[in-house]
1. Could you size up the charge dipole of region 83-175 around its Cα centre, putting +1 on the beta carbon of Lys and Arg and -1 on that of Asp and Glu, and report it in debye to the nearest 20?
2. Write down the percent of antiparallel bridges among all DSSP beta bridges whose residues are both part of the chain, to the nearest 5.
3. Reachable aspartates and glutamates from residue 18, Cα under 17 Å, same-chain residues fewer than 8 places away excluded?
4. Once you have the alpha carbon radius of gyration of region 181-262, what is it after dividing by 2.2 N^0.38 Å, with N set to its residue count?
5. For the chain, what relative contact order do you get, as a whole percent, if you take Cα pairs closer than 8 Å and at least 6 residues apart?
6. With θ set to phi - 60°, apply the Karplus curve 6.51 cos²θ - 1.76 cosθ + 1.60 along region 188-193 and write out the HN-Hα couplings as whole Hz, x wherever there is a Gly or Pro.
7. FRET efficiency for residue 261 and residue 27, Cβ-Cβ distance as r, R0 = 25 Å, nearest 0.05?
8. Step through the residues of region 206-213 one at a time and calculate ³J(HN,Hα) from phi using the Karplus curve (6.51 cos²θ - 1.76 cosθ + 1.60, θ = phi - 60°), rounding each to whole Hz and writing x for Gly and Pro.
Amino acid sequence: MIQLGEMRLFMVNDCSIKVDPGGAFGLVPRVLWSPLLPPDENHLVPMIHNCLLVQTGGKNILIDVGHGEKLTPKQIANQYLQRPNGTVVDGLARLGLSAGDIHMVINTHLHADHAGGNTRYAADGALVPVFPNAEHVVQRREYEEAMRPNERTRATYFPMNYQPLYESGQMRLLDGDVEIAPGIFGVVTPGHTPAHMSVRLQSEGLHAMFVCDLASYAIHFERLGWMTGYDVEPLVTLENKRIWQKWALETDALLIFTHDSQRPAGRYRMGADGKASVQPVDEPFV
C-alpha cells in the first residue's frame, strides 16, 4: 500500500502477457532496447497489466480494469496470458473488497486490455457490469473513437466492453481535463489514442500519476523519442511526455506505469550526472 496524503493506493495486477517487440518499442532499434529487456526464446517481451485502486473520502475508485474474463482460449494462448494471482477482482478480494464495493471506475482509454474488465457474461449469456454499483467515466472523444474503429484500431476496440454501460447510463463521458473526484484529476494525454487520459492524484501536497500508455514502460517516460508501435500519433506522445517530465521533476511525483514488469512505479529524478531517470519504488502488487 502506498500512502499519498490521505489517499491509499494499491497496485492491482490483472495479468501478464508477452508481445512482439515491434509493438512494445516501435521504431527503436533492437540493439538499444534488448539489453534493457531481453526477449525470450520466441523473441517476445513481457507486459503486465497494472490497475490502481484509490481509496479516498470513503470511496473505492478503480483506475482501469484489465482484460477481464471474456477472452477466448485462442486469445489467451496468442498473448501467452498468465494470471498466477487471478484477476483484478481477485486482487480486490485480497483487500477485503468485492466488485460491488467499487464506487467508480476510471477508464483511461477503451483498448481491450484496459477496459475489457468493465463487463462480463452472465449465466444466460447477457453482458452485465463487473462492477455493478460503479459509475464509469471515460473521455467523450475516446468513446466516440472506440465506437467507430478503423482498420488500425478495430483489433482492440470492442463495443461489448463499454457500449452496454453507456446505454444503461452507467458510463459518463468527460470533456477534457477535469477533477473527477476530490484530488483525482483526469488529464488528456493524447498520442497513444487521440483522447487517451492519464490520472493525476494530489493530496496534502503530495503528487502521483497513473501514467498509463502515455509511457507504457518507465523507459518510454525517460526517453522522449521512445514510444510503442501502438501509438496512433507518436509525435503527439513525444510532446506530451516533454510536458509531464517537467511536472514530474518539479513535484517529485510517484509515477505508476501500467505495463512495466521491472519498474511499475518510480520517481523521475535528476541524477548526479545531470540526467533524469525513473528511480524505482519497491511496491508489491496485491
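Read the figures in this text as sums done on the coordinates, not as results from a lab. What you see is a predicted model; the values in this text were computed from it and never measured. No Cβ is skipped: glycine too gets one built from the backbone with ideal geometry, and neighbour counts run over all protein chains shown.
1. Details: 9 positive and 11 negative charges, 33 e Å.
Dipole magnitude for region 83-175 comes out near 160 debye.
2. Details: 44 of 57 bridges.
The answer is about 75 percent antiparallel.
3. 40, 41, 113, 213, 260
4. Values: Rg = 12.0 Å, N = 82, 2.2 N^0.38 = 11.7 Å.
My calculation over the Cα atoms of region 181-262 gives 1.03.
5. Details: 610 pairs, mean separation 51.8, N = 286.
18 percent.
6. Whole-Hz 3J(HN,Hα) from phi for region 188-193: 6, 10, x, x, 4, 10.
7. The computed FRET efficiency comes out at 0.70.
8. 9, 10, 8, 8, 7, 5, 6, 8
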